[in-house]
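The structure under discussion appears below in the form of structure tokens.
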Amino acid sequence: MSRIRLRDETDNPTEGSYTQIYSLSLQDITRELVLEQQNREQQSVVSLIYVDNYDQIVGSMDENLRPLLEANIYRSLSDLSSSLSGIMTRLERDRFQIVFPRKSLEVLYKNNFHILEEVKHLGSSRYQTTLSIGVGVDPAVDKARQYARMGVDLAMGRGGDQAVVRTKEEQKFFGGMRSEEHTSE
């Protein structure tokens, strides 16, 4: 909004009287806001998933059942990746990476990282299969991967069987039947 002062013949310049006109200019930024939101939703989120007690589980199982366990873990994580519209990569025999769009992160929040409970039923009779999950959220994929690495390390350091979602501003913990949120200082 701007104010414009105009002088005409009826205005007295010595008294400082002016005719004032106000101009209001509006700009429609809806398209830009929609594109910004779409861009944010399409940003890549990186998750690192480690099977916590893989060696113990495999060591306690009959040798014939080991491939079945691996296949079931892979299938569960592959189904998760599909539900997130993501891409899964197997990094090692007990480590996986899933990259997915940010908008799919709400699916994980909504079901409270149900994958943690789902894989518990896949292990041997002596040990439950548990996961440590680190999820990194940042516009830069390399920074998101760094946050995911920090998150999975933190989850493992806290005993495993949980997920940690890290951003620049905060970290959220999910595990069991509860979730916590902590803001970084």
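The values are calculated or read from the model by the stated rules, or taken from the named source; none is laboratory data. Because the structure is a prediction, the values reported are computed rather than measured. Cβ coordinates were reconstructed from backbone atoms using ideal geometry, including for glycine residues, and neighbour counts include every protein chain displayed. Accessible surface is based on the protein model in full, side chains and every heavy atom, while ligands, DNA and RNA are left aside. Shrake-Rupley method; radii C 1.70, N 1.55, O 1.52, S 1.80 Å.
Pairing residues of the stretch 80-91 that are at positive phi with residues that are surrounded by 13 or more Cβ atoms within 10 Å (Cβ to Cβ) and part of a strand (DSSP E or B), at Cβ distances under 8 Å and at least 6 apart in sequence or on separate chains, gives S85/F100; S85/P101.
Kindly indicate whether I49 is touching a residue at least 12 places away in the same chain (Cβ under 8 Å) and either closer than 14 Å to L122 by Cβ or in contact with a Phe, Trp or Tyr (Cβ under 6 Å, 6 or more places away or on another chain) (or both). Yes; evaluated as a whole, the condition is true for this residue.
Looking at the stretch 21-105, the helices (runs of 4 or more DSSP H) lying wholly inside it that each contain 2 or more residues that are modelled with pLDDT of 90 or more and surrounded by 15 or more Cβ atoms within 10 Å (Cβ to Cβ) sit at 66-83.
For the residues A71, A163, the requirement of being farther than 30 Å from Q38 by Cβ and out of contact with any His (no Cβ under 6 Å at 6 or more places or on another chain) singles out A71. Does M177 fit the bill of being open to solvent by 70 Å² or more (accessible area, probe 1.4 Å), at pLDDT below 90 and not hydroxyl-bearing (S, T, Y)? It is true that M177 is open to solvent by 70 Å² or more (accessible area, probe 1.4 Å), at pLDDT below 90 and not hydroxyl-bearing (S, T, Y).
The set of residues in the stretch 9-20 being modelled with pLDDT under 65, open to solvent by less than 100 Å² (accessible area, probe 1.4 Å) and in contact with a strand residue (DSSP E or B) (Cβ under 9 Å, 6 or more places away or on another chain) consists of D11 alone. One residue alone among T167, T129, T183 is modelled with pLDDT under 90, open to solvent by less than 50 Å² (accessible area, probe 1.4 Å) and β-branched (V, I, T), and that residue is T129.
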